[in-house]
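The structure appears right after this line, and notes come after that.
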Amino acid sequence: MEYRVVLVESAPETVLRVPREIRPNPYLLGEDVAEGMRELTRIAQRAGLTASGAPTITFTHELPADESIAVDFGVPVEPAPNLGPSYGAQVVVMPGTLVARTCHHGSYRDLGAAYLALQDWMREAGYRPIGPPTEAYLIGPDEVTDPRRLLTEIRLPVARAPTIAVHLASPFDDVVERTRKALRQQGLSVIAEIDIRAMLRENIGEHIENYVMLSVCDPRSVHQALLADRHAGLQPYGVVVRSVDTGTLVEATDPEAQARPTTHPTHHPVAASARRLLAAALDDLLDTNRDAARTDRSPHHRR
């Protein structure tokens, strides 16, 4: 199934919220969701509240798969006073926030693919999660019996990541060399390189994964910034190349995020220019990685 991820600014809303537990077993999840929805409906009717949207589950935290998971069932309602303790529920006002969302058609057993799609989108678009996910049951188990007709929207609060990152399924040493080359091709200078793994091993005897940190600057931007503010030279940009379970990750400081607290007018255009160069260098890494993969798969190369 193909997932389309959309970034939206959610509006503030008033939500009837009921804490419950659900079983992580996908064969039992539909039963737990349906019962939670029925309880929401009973409480809303008893309190005289009018639902104004689809019921939801927000995952307050995760537990091992063999245990129950604490969640908050909820449904948007027309504004009303808080409920008394006897209801076992609350009416809360949820603030608006930036949300990445996607829809899953079908059984809850396959919901994991939608979460993976959200993770891939965040990695490629440069966002990070800042809150727990919420599942909105646009068509839930209380409405249909055929799981193929279920429609679930997954909403994840996000913010711009402080880094720009790409993942490559290539050996670490190869990626380090290609990263240096990609940075140079964009006119960026590597002014320092530290093998963090070797430094920790030699100085304190600790062992971590392959981890190299590059300190990078754009000489033209540095000159422009220094003409206006001599303190600007204190902020080179960091690029980290490190091994991960699935290959090698290259992460670069987002210069715009780094410059955001600064009020000096010259820093922001310089940071925007540096971000474009770093992003272009990382895009080049992805392009060369795709070219190498195509070469490896070509019949001529296999012969």
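The values are calculated or read from the model by the stated rules, or taken from the named source; none is laboratory data. What you see is a predicted model; the values in this text were computed from it and never measured. Note: ideal-geometry Cβ built from the backbone for every residue, glycine included; neighbour counts use all protein chains shown. SASA here: full protein model, heavy atoms, side chains in, ligands and nucleic acids out. Shrake-Rupley method; radii C 1.70, N 1.55, O 1.52, S 1.80 Å.
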Checklist outcome for this item: The computed P(r) of the range 71-166 puts the percent of Cα pairs beyond 20 Å at 51
Checklist entry - Ignoring ligands, DNA and RNA, what percent of the accessible area of the chain is carbon or sulfur (1.4 Å)? => result 52
Checklist outcome for this item: With Val241 itself left out, Lys, Arg at +1 and Asp, Glu at -1 over residues whose Cβ is under 12 Å from its Cβ give -3
Checklist entry - If the viscosity is 0.692 mPa s and the temperature 37 °C, what translational diffusion coefficient in µm²/s does Stokes-Einstein give for the range 103-255 when Rh comes from Kirkwood over Cα pairs? => result 174
Checklist entry - What's the extension gain from Met199 to Val92 if we count 0.36 nm per residue and subtract their Cα-Cα distance? => result 33.5 nm
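Taking 22 Å as R0, compute the FRET efficiency from the Cβ-Cβ separation of Ala272 and Ser10 and round it to 0.05.
About 0.20, to the nearest 0.05.
Tell me the per residue accessible area of the range 35-170 using a 1.4 Å probe; a whole number in Å² is fine.
Each residue of the range 35-170 exposes 52 Å² on average to a 1.4 Å probe.
Defining a contact as two alpha carbons under 8 Å apart and six or more residues distant in sequence, what relative contact order in percent does the chain show?
For the chain, the relative contact order is 15 percent.
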Checklist outcome for this item: One checks the Cα atoms of the chain and finds Rg and Dmax, in Å, of 24.7, 75
Item to check | Summed residue charge, Cβ within 15 Å of Ser107's Cβ, Lys/Arg positive, Asp/Glu negative | outcome: -3
Checklist entry - Can you put His207, His105 in order of accessible area, largest first, using a 1.4 Å probe? => result His207, His105
Item to check | Between the range 110-129 and the range 141-215, the alpha-carbon center distance in angstrom | outcome: 14
Checklist entry - If ligands, DNA and RNA are left out, what is the accessible area of Thr97 with a 1.4 Å probe, given in Å² to the nearest 10? => result 40
Item to check | the range 1-150 - convex hull of alpha carbons, volume per residue in Å³ | outcome: 118
Next on the checklist: Ignoring GluC sites (Glu not before Pro) that are buried or in helix or strand per DSSP, and keeping those with at most 15 other beta carbon atoms within 10 Å, what is the longest stretch of the chain between them?
Outcome noted: 210-303
Checklist entry - Taking 0.36 nm per residue of separation and subtracting the Cα-Cα distance, what length does fully extending Arg23 through Arg220 add? => result 65.1 nm
Checklist entry - Around Glu153, with a cut-off of 12 angstrom between Cβ atoms, what is the net charge of the other residues, counting Lys and Arg +1 and Asp and Glu -1? => result +2
Item to check | the range 70-176: relative contact order in percent, alpha carbon pairs under 8 Å with at least 6 residues between | outcome: 29
Item to check | the range 1-80, relative contact order [Cα under 8 Å, separation at least 6], % | outcome: 41
Next on the checklist: Can you give me the solvent accessible area of Cys103 with a 1.4 Å probe, rounded to the nearest 10 Å²?
Outcome noted: 50
Next on the checklist: Eigenvalues of the Cα gyration tensor times 5, then square-rooted: what semi-axes does that give for the range 1-78, in whole angstrom, largest first?
Outcome noted: 23, 19, 12
Checklist outcome for this item: Taking only protein heavy atoms and a 1.4 Å probe, the highest-to-lowest accessible-area order of Leu226, Leu29 is Leu226, Leu29
